[in-house]
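Taking it in order: structure first as structure tokens, then the write-up.
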Ligand SMILES: Nc1ncnc2c1ncn2[C@@H]1O[C@H](COP(=O)(O)OP(=O)(O)OP(=O)(O)O)[C@@H](O)[C@H]1O
Ligand SMILES: [Mg+2]
């Protein structure tokens with residue numbers, strides 16, 4: 001069996017009396033795509049924010065390649081090879097597309113483009129255009145254009161392009177196909193498969209179960225801060241997954257016993 005690249009054991013996180021994570025555990029193996037599902041407010045974004053260094057966990061353990069780690073900041077996560085695209089994407093609206101693609105990563109950029117002068121804008125622009133094409137941006141975008149001139153979906157694609165170029169070991173995508181058109185959605189799903197085929201691991205959150213069946217190997221379902229189910233995509237079907245996500249709610253509506 002492939003090694004666990006990322007392992008979360010009993011993560012707990014509360015905001016006041018909101019128990020956003022309650023002993024949440026999951027694993028992500030090398031070269032696999034894992035989908036994290038669950039209704040609104042289940043704790044999915046909070047879970048990935050603890051991995052990406054946005055939130056500190058109250059208790060539990062995060063391990064990367066079998067080694068227990070403490071993630072205190074987004075920088076810690078990036079240094080561990082974990083790149084995250086958040087649901088509320090943060091790009092710098094007044095900077096160009098090209099600059100956004102490399103924002104905050106200048107030291108890496110210099111290492112990456114060793115033979116080029118630092119911040120060689122011509123090269124930045126060429127790299128940016130190639131990335132945009134790869135992620136399936138349908139419109140011909142000018143890499144010099146400021147990000148504020150883009151649509152929400154185009155901004156999302158730019159943020160995903162950013163993660164692609166750094167080839168992180170683990171890429172986390174929080175609802176990456178939200179607001180995207182057909183072509184951009186295919187671009188993102190194609191990217192997820194490409195990354196997996198190259199041996200990297202992807203954890204992605206979505207409400208679109210069809211996308212899960214197109215690209216994921218395993219599924220974890222969250223409910224009220226807990227990870228309540230783990231499924232192998234090849235051994236399950238859409239209706240089963242839907243009923244696991246919503247089934248407990250329905251039994252509650254009917255006054256029935258709650259099942260995990
Ligand atoms: N910074 C915060 N402060 C207070 N409460 C928060 C904070 N972040 C999340 N929560 C709460 O934690 C719970 C889990 O939220 P989270 O954003 O993780 O859900 P989610 O599964 O990502 O939902 P969605 O599918 O709607 O994005 C919710 O009750 C939410 O209101
Ligand atoms: Mg969320």
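Would you order 13, 125 from fewest to most other beta-carbon atoms within 10 Å of each residue's own beta-carbon?
Details: 13 22, 125 18.
In increasing order of surrounding Cβ atoms, one gets 125, 13.
Counting other beta carbons within 10 Å of each Cβ, put 99, 65 in order, fewest first. Write down the numbers at each step before the final one.
Numbers: 99 20, 65 15.
Going from least to most buried by this count: 65, 99.
Read-outs throughout are calculated quantities, based only on the coordinates presented, and are distinct from any laboratory measurement. Because the structure is predicted, anything quoted here is derived from the model rather than measured. Ideal geometry is used to build each Cβ from the backbone, glycine not excepted, and the neighbour counts take in all protein chains shown.
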